[in-house]
Structures are given as structure tokens and as C-alpha cells.
Amino acid sequence: MNRSKIQAIVLAAGTSSRFKSETPKLLFTLCGQEMILYPLKMLQQLDIPVTLVVGHKKELLKRIIEQHAFSSLTYSEQKHQLGTGDAVASTASSWHAEHILVLNGDAPLVQSSMVEELIKEHMKSNVAVSFTMTHNNDPISSAGYGRVVIRDEQTSIVEARHFTGDFAVDCFVNAGIYLFRREFLKRFISSLAKHPGSQEIYLTDLIEIASKQKLGVATVNAPFDQVRGVNTLKELWAAEQIKRAEIIDACMQQGVRFGSVQSTHIDCDVTIGAGTSIGAGVQLFAGTRIGKGCTIGAYSCIKNSTLGDHVTIQPHVVMSDATIGDLSAIGPFAHIHGNTTIGNESVIGNFVEVTKSSIAHRTRIKHLSYIGNAHIGSDVNIGAGTVTCNYNGVTKNTTIIEDRAFIGSNNSLIAPVTIEQHAMTGAGSVITETVPSHALAIARAQQVNKEGYARRLRDSITVVAAVKSKTQ
Ligand code: UD1
Ligand code: CA
């Protein structure tokens, strides 16, 4: 197949009116990726250059697209959103290839194999236009789609709002993927007119024109689930379910076990190693890489993080932008974020927050601690309730805890401060100065025992209480 003969036009200028949102619908994410990126990445994979038609909120759209490296993408502006026919017409000056592939921007589930099949059919049948259609006789899910009407060897697409026929008879709908011979487009696109009912110019009217002119119309079939358009938040939800099922299916084939598929969410840019088990309600967001043989406990949310092999994430862990080494264990109820790195075989226990910190190997912070802007070495033990006091109201300061140090429970480490190798701190200490290697620092008030004082105190309180109750 000679791809150099094909260029694509992706329609993305629409006003998203049915979404009822300030943000253009094509910037809503589906499994963690903005909808518009799906057709663009698919066409890039097929090596087909793209003209993207933008209009409504075009700057927002461009800002997201430009964060990705698309090698052959150009923009074309549709000034007024007069319909899909007008959107394609507005790109006329960019037409150079022999065949023009047109795709709606709001069909994120379209696969490259479908486009390849359409191209193959178009080339084989040597027609003016080919398009993809899908069988759907469910009046609810097919509502809003153009109906493919074939009568007396004539093919046309009748938009839903104008269709008066029987759904059960005309039960194929238009997918919104077309391949036009450029010469045909050049000759007939200007003959499209506004529809009186909607005041829109429909690209789909070109099918009837090609058919009536006997210039040839070819069709290919695709499953409805792969061509679903997304016009409403409900349709976005439906499309996301399908994508998510595809992702989970692929993970299962790689040897990943799911406790509850129905309640698990996985974005498209996530990888999980074989032998890993994912609990109920887990959400794995874009950029997450999980190694082999890990356990991800129920209701944990992990975003843009890398986990080594055999990592245990207990239930209810929230993690973002973190790296966790092999055999480490996190949670339950831990919060790890801010580019934190944790080495191998370390343990971060319940109700521990770690941010902007590095922790080396075999270190244990097992209970109720806050670690921020800290560098902690290997084989360190941090007692329950330890807080790195990293913020003085103006600047963030660093705490350094070197290898094999031992921090007693309920310590406040006033940063900047260093606890050197093998040093220890007593429980309840407020550490403000360097603790030298092998030293023990105790920074708390000395305990004073006053013999018999508790009894005397209790007796005097009892007397006062008795006098008070008599006088009332
Ligand atoms: C369109 C088809 C319908 C098909 C359905 C498949 C038309 C007239 N109808 O309907 O037959 O079954 O797709 O999903 O084409 N857009 C522009 N400029 C505009 C209007 C729209 O760029 O002036 C873009 C939109 O951003 C969108 C795409 O074109 O990405 C399709 O437009 P939309 O309004 O969603 O068309 P549908 O009503 O879904
Ligand atoms: Ca649509």
C-alpha cells in the first residue's frame, strides 16, 4: 500500500455543545489520554501526514498537542463552525495527496487496522469515496449517528435528525471515517449546502453525490464499539469502559491478576509485570510502571510512579511521582509523592507521608511520620511519630539522616539538620543540631520524680472539691 498517496484531515473544530463544558470535549481524557491524541497517534503510527482542523478554543487544543512530538502535523483553522462539510472545505489549500482520509476527532477507539482496511478497499475498488459503517439496530446507542441508506443501488447517509425511516431496516450507521479521491473532493465539496433544519453543511452529503454521479462508493464494516463517537459525557464514560477493558485484558494476557476487574481503573500509559496482583478499587494512572510479582492493595491510587519487582503496596496508599525499589513495602494509608525515591527492602508503614525525599535500602519508617525534604541512608530506623520540620514559613530545609542511624519515637528534627552514621536520638527529642556519628542525642526536659507528690496532690484536690460541693 502506497501511503505517500494519502493524507489525513482530522476534524476537531466543533463547539462540543452536547458536552456542556467550558473545556473542549477533545481535551477530556479517556484512560488518561486526551481524546484528540488517539487519532493523531494512530495516524502517526501509520505514517500518514495530518491536517488538524481547529476552531473552537483552538489554543487550548494546540497547547496539549504541542506537548507531544508529532512529526507531520499541520493546523488549519475553520473560522465558523458550520458543520463537517465546511470543516473539510476549509482545508482545501492543504490538499496535495491523491487520496484524502477524513476522520472525526471524537472517535478515540478507532484502530489503525480499520483505517488500513478502508484504504485497501478504496484502492481495490477504485471509487470516488469509501467509508466505514457499522451495524447497530439498538435505537438508544445508535441515536445521533448518520444512517446509511441503500436503495436502488444508491447509497446515502441521512443524519439522525432528518431520518424518518425504520431503524430496523436501515440498521447501519456512519462511523465518521472516509477516504476521498482528491479530484472528487475538489470538484464537489463546494456543492454542499446548508441544511435548512440545522443550518449545517454535512460532509456526509458527498456520499449521495458520488453515488448519483455513479463515481463509485465503497464501504467497509467495523464493530460499533470501535467507532463510537463521543458527543456526551455518557458516551465518554461508555467509550472509557471499552478502552479500560481492552487495557485490563492485555494486562491479564501478560500474567497480571485482578481481584475485581469491575472496580479497577488503569490508564493507557501503564505497564505491569507478570505475577503482579491488583486489588479491588485500585487506580493506576498514566506513567506508572509496576514490576513483576508485586501486590497492589485495595483502593490504592498510583500515578506516574515506578515500582521495582516484588513490591508490596498495602491498601489505601496514595502515590505520585515516586520510585520504589525491589522488595519494599508501603502502607497501608501512606502518602508518597514529590519525586521521592525509596530503595530496596525498605518499609514505609501506616500513616506515613514522604515527599521530596530519598530513602536508601532497608530503612524502616513504620508508623505515623512526616518526612519532607530529607535524605535518609540505608538501614535507618525511624521511630513512630517522627516529623522532619522542613518548613520555617519561608524556605524548605533539608534533613540528612545517614546510614544505620536510629531515630527514637516522637522526634522533631528541625531542618537543616544532620544525624550522622550510627547516631541515635532519644524518644521525644527535638533535634536542632548535628548529631555526630555514633553519638546519642537526647534533647528533651530531664525527668523529675517528686516522691509522694501524686498522693498529696490527689488529696488536696479531693478536699477542695468537697468544700465546693457543700457551699453550692
Ligand atoms: C458525525 C456524522 C454522522 C456520523 C457521526 C459518527 C456529519 C454531518 N455527521 O455526526 O453521520 O454518524 O459523526 O460519529 O458529519 N467538527 C468540526 N467543525 C464543525 C463541526 C464539527 O471540526 O463545524 C468536528 C467535531 O469537532 C467532531 C467531528 O467534526 O470531532 C464530528 O462532528 P460532530 O458534531 O460530533 O458530528 P456528529 O453529530 O457526531
Ligand atoms: Ca460526534
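The values are calculated or read from the model by the stated rules, or taken from the named source; none is laboratory data. Only a predicted model underlies this, so the values are computations on that prediction, with no experimental measurement involved. Every residue, glycine among them, receives a Cβ derived from its backbone with ideal geometry; neighbour counts consider all protein chains shown. Accessible surface is based on the protein model in full, side chains and every heavy atom, while ligands, DNA and RNA are left aside. Shrake-Rupley method; radii C 1.70, N 1.55, O 1.52, S 1.80 Å.
Quick notes on this structure:
- Rounded D (µm²/s) - the chain, Kirkwood Rh over Cα pairs, Stokes-Einstein at 37 °C, 0.692 mPa s: 123
- Spatially, region 309-327 and region 1-50 are offset by 34 Å when compared through their Cα centroids.
- Rounded if a/c under 1.5, otherwise prolate or oblate - region 10-110, Cα gyration tensor axes: oblate
- Using the 1.4 Å probe convention, the accessible area of region 233-441 works out to 43 Å² per residue with neighbouring protein chains retained.
- For a paramagnetic label modelled on Lys396 (point 7 Å from Cα along Cα→Cβ), amide N atoms under 14 Å away belong, within region 325-341, to 336-341.
- In terms of accessible area, using a 1.4 Å probe and ignoring ligands and nucleic acids, Thr204, Thr15 rank largest first as Thr15, Thr204.
- With all protein chains modelled, accessible area of Trp237 [1.4 Å, Å²]: 150
- Legend: residues Lys57, Lys25, Lys212, sorted from most to least accessible area (1.4 Å probe; ligands, DNA and RNA excluded), read Lys212, Lys57, Lys25.
- Ligands, DNA and RNA excluded, the heavy atoms of Glu183 present near 100 Å² of accessible surface to a 1.4 Å solvent probe.
- Short-range pairs are left out: with C-alpha atoms under 8 Å and at least six residues apart, the relative contact order of the chain is 8 percent.
- Heavy-atom SASA rank of Phe188, Phe285 (probe 1.4 Å, accessible area, largest first): Phe285, Phe188
- Net charge over other residues, Cβ less than 9 angstrom from the Cβ of Thr232 (K, R count +1; D, E count -1): +3
- Percent RCO, i.e. relative contact order, over region 233-441, from Cα pairs under 8 Å lying at least 6 residues apart: 9
- For the chain, the longest principal axis of the Cα atoms and the long axis of helix 233-253 meet at an angle of about 70 degrees.
- Alpha-carbon centroid distance for the pair region 380-426 / region 228-281, whole angstrom: 41
- For His375, solvent-accessible area (1.4 Å; no DNA, RNA or ligand), Å²: 90
- Extension gain for Ser460 to Asp138 (0.36 nm times residue separation, less C-alpha to C-alpha distance): 107.4 nm.
- Cα shape, region 292-381, gyration tensor, a/c 1.5 rule: rounded
- Taking 0.36 nm per residue of separation and subtracting the Cα-Cα distance, full extension of the segment from Thr29 to Ser378 would add 121.6 nm.
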